[in-house]
Every structure is written in C-alpha cells, then in structure tokens.
Amino acid sequence: MNSKIKDSVSEEEWNARVELAALYRLVALYGWDDLVFTHISVRVPSEPEHFLLNPYGLLFEEMCASDLVKIDLEGNKVSETNYDVNSAGFTIHSAVHANGENNHAVIHTHSNDGVAVAAQENGLLPISQHAMIIRDDCAYHDYEGIALNLDERERLIDDLGNKHCLILKNHGLLTTGATCADAWLRLFFLERACTMQIKALTGGSKLNPVPNNVIELVTEQGHMASDDGIGQLAWPGLIRKLDKIDPSYKN
C-alpha cells in the first residue's frame, strides 16, 4: 500500500478509491476489460469537480486504490502522481459526471458482445429477460470517432437524458450509478443481455418471439433496475468474492 496517499486524503476519498479499484477488478474478472483502454471513474466525495480515474498503463486486474489518479472535469491531474492519464479518454466520462448528481460512478467497456450489439442496426433486442429488464433504461449515441472532440459531450448528454445505460453505437457500453454498486449491477445486466443476444443470433435456430404485451410487462417489472440502491443486492457478495481471490485492490 502507498501509505502516503492514504494518509493524505480524506476517509471518504479513500473509501471511494477502494470501491473504484474493486470495480476495475470486477470488470477484469468478468472479462469485460480491454487491456489498458476504457475507463471507470468515480466522483470524489465532497469535491464535485474532482474525479478518480485509472492511471494509463495499468491493467484493470492489477488496479489498487492508491494507484488511482485525481483529475478535474478536463482530465487535468490535480493530485501528485507518477502516472499519466488518458485525458482524451475522459471526454465521455466528464460529460456524464457533469450531467446530474446521481452519476457518481461511470463504467465504460469495449467488451466483445457489447460492441457487437452496438454495431447492430436494431441495437438491444427484447429477446431475453435481462434485455427486457434493462431496455427501458437504455439510450443510444451515434459513433463520432475516437472521443477526442469535447463538443461531443453535449450531444452525449442529450442522448443519455435521464437514463443510466448508454449503448455507444459501433463503440461499446456505458452505465452510471449513484454508487459503484448501482453502476456495476446495470453493467452486469447490460453485458449479459448483449452476450445472450449474440449467442441467440448465432445459434442457427429461429428465435422465440415474445409478445409485445409480455415485453412491456417485463420492462415495467424491471423498472427497479433504474432505482438508486439496487446494486446493494449483489455488491456485498461481489466484495467477498474479490477478497477471496485477491484483496490487494484495497492497497
């Protein structure tokens, strides 16, 4: 552990660092990471203009609380660190963080199945229970190239609106939450729905159509997925899982 960092930040910030490091480890554990690319970010408690982000060059599976870098809305480092950050990659995150107080945590992935669904004309199809539960909380954003243009932030915010999940066409997935736990559970449902869709479409058999009234019923039943606090159903178990595998993310 880098005790210098832990001793120099508030208890609130350190707890946020530990939770964010856990998110990085979980994304890697479930196979949704992309080497050192993509980001997961968290707002620093009591510092609304500051965020924690991964240092450029570390794998998600080795992320620790003390490794995380504190930055501002433009991606500039505001705390002492030996690491660089991919400030251009924070374009998407800065837009989402600036759009509402409940967007405390933002997860962005380039998973195989997520990108595959994002590349399909009709997007996420209501062919699985996971998809029907999450679909009403999903928005779409057209691909504009690598996210280097800060002007894209306004369009991204407009597309996300009041939803918590965003399918970035031809690019990947994004989820948000008032807590790390909420953002994670939404990502889990969205990633799983995408995997189920890709497997179903490549399985070679005709798909079972779900009647529209049943789709609407399940969507309505799934509105709980958009509620703050939903992530706590699974989060404690996930932390226990990480602790059994490798608790070094807390360092």
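Bear in mind these aren't lab numbers, they're just calculated from the coordinates by the rules spelled out. What you see is a predicted model, and the numbers here were worked out from it, not measured in a lab. Positions of Cβ are backbone-derived with ideal geometry, glycine not excepted, and every protein chain shown enters the neighbour counts.
With the simple model of a label 7 Å out from the Cα in the direction of the Cβ, Tyr140 to Arg155 spans 1.5 nm. Under 19 Å from the Cα of Lys70, which lysines turn up, not counting those fewer than eight places away in the same chain? Counting by Cα, and skipping residues close in sequence, Lys70 has these lysines nearby: Lys4, Lys6, Lys250.
Within the chain, helices built from complete DSSP H runs that reach 24 Å or longer along their own axis (Cα positions) and carry a mean Kyte-Doolittle hydropathy of -0.5 or higher are 11-29, 180-201. Per-residue ellipticity at 222 nm computed for the chain from its helices equals -12000 deg cm²/dmol, with DSSP H segments shorter than 4 residues left out and the rest contributing -39,500 (n - 2.57). For the chain, set up a Gaussian network in which alpha carbons nearer than 10 Å are linked by springs, and say which option among Tyr30, Tyr143, Tyr83 fluctuates the most. Result: Tyr30 has the largest fluctuation of those listed.
Length available on full extension from Tyr30 to Asp72: 0.36 nm per residue minus the Cα-Cα distance, which gives 12.2 nm.
The lysines within cross-link reach of Lys199, meaning a Cα-to-Cα straight distance under 30 Å and a gap of 8 or more places when in the same chain, are Lys163, Lys169, Lys241.
Place a point 7 Å from the Cα of Phe37 along the Cα-to-Cβ direction; which residues of the range 124-161 have their backbone N under 17 Å from it? Flagged as within label range: 143-149. Listed from fewest to most Cβ neighbours within 10 Å, the set Asp151, Asp159 follows the order Asp151, Asp159.
The stretch between Glu121 and Gln221, if pulled fully straight at 0.36 nm per residue, gains 33.4 nm over its current Cα-Cα span. Placing pseudo-labels 7 Å out from each Cα toward the beta carbon at Glu62 and Ser46 gives an inter-label distance of 3.3 nm. Short-range pairs are left out: with C-alpha atoms under 8 Å and at least six residues apart, the relative contact order of the chain is 21 percent. Principal axis extents of the Cα atoms in the chain, from largest to smallest and rounded to whole angstrom, are 58, 43, 30.
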